[in-house]
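I have placed the structure first, in the form of structure tokens, so that the comments after it can refer back to it.
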Amino acid sequence: TECEQEPGSLLWIFVMVGNIVRGMGETPIMPLGISYLEDFAKAENSPFYLACLHTATVIGPFLGLLLASFCAELFVDIGSVGADEITIAATDARWVGAWWLGILICALLNLLVAIPFWFLPKSLVKEGETSEPEETSEKTATPLQENDKNETKQTMHYFLADFIPFLKALFHNPVYMLFICITVLQFSAFDGMISFMPKYLEQQFGKSASDAIFLIGVYNLPVLCVGYFSGGLFMKKFKINIYQAASIAFWVSLLEYLLYFAAYWTVCDTSPVAGLTVSYQ
């Protein structure tokens, strides 16, 4: 009775705040990176550069899954509990891996990677063009600064008055709506796999959490890298315009979703569980 204590740890708040701060730092990378490429790259080279950017975003989760697989093999209290004191294996349902170790390693790497961003130039010459003289750049800098000051003077009333019509026009844009459909289909299939596939591999095939995470990373993410990279080369070679690219992406994503949906017919026998599927005797 005296040893019984209700769980009341508030350490999860630190994890939540850490993820919020991480999201605040990582979110601008994708939109700003795409705008950066669109502004300073040639039109025919932009799809290839964007493909390289998206390929890099897939390589990151791939390496993250490999790191998670390694951390899952280590006991959660590594450093404070000796290996000889651990009496359960990694395949045991009670096993808890060193989930916190991956967070510390990624936080350190994010800090190191963020340092070069301080040295990026404020502006670049568009690809294929010569650099402008300093006098011309100084003359154009003054009107731009004045425009920025005028934009900051706009009130919220004018912002809302322009935002609603712009939002309506955006919803009537076929390219934008196709992109929304593509995003929904992709995340619907990918999130389902990431959420339920590890537990499925553990229960049906007797894999440990470390092995399940490793298999998902090895068999899925490298194929996505090949798809992104080959798609960028395809658009660059055949000079696919925006509307054609959106249509191709929609139909390919729909085919991908149907292939994932076919997994419902892939049924394995349920593992015998005492007291649930079979009797204790």
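Here are the numbers for this structure:
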| quantity | calculated |
| --- | --- |
| Cα-based shape type of region 215-261, given that a ≥ b ≥ c are square roots of the gyration tensor eigenvalues and the cut on a/c is 1.5 | oblate |
| Extension gain, residue 117 back to residue 19 (0.36 nm per residue minus Cα-Cα distance, nm) | 33.2 nm |
| Burial ranking of peptide ranges 109-120, 204-215 (average Cβ count within 10 Å, highest at the top) | 204-215, 109-120 |
| Out-of-range pairs (alpha-carbon distance over 19 Å; input 122/239; 42/236; 122/236) | 122/239; 122/236 |
| Cα gyration tensor, region 193-281 - rounded (a/c under 1.5), prolate or oblate | prolate |
| Whether region 1-84 is rounded, prolate or oblate, judged on the alpha carbon gyration tensor where a/c under 1.5 counts as rounded | oblate |
| Estimated vicinal HN-Hα couplings, Hz - region 107-114 in sequence order (Karplus 6.51, -1.76, 1.60; Gly, Pro = x) | 5, 5, 5, 4, 5, 5, 6, 6 |
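Where a number appears in this text, it was derived from the coordinates with a stated rule and is not lab data. This structure is a prediction, so every number in the text was calculated from the model and none was measured. Reconstructed Cβ throughout: ideal geometry from the backbone, glycine too, with neighbour counts over all protein chains shown.
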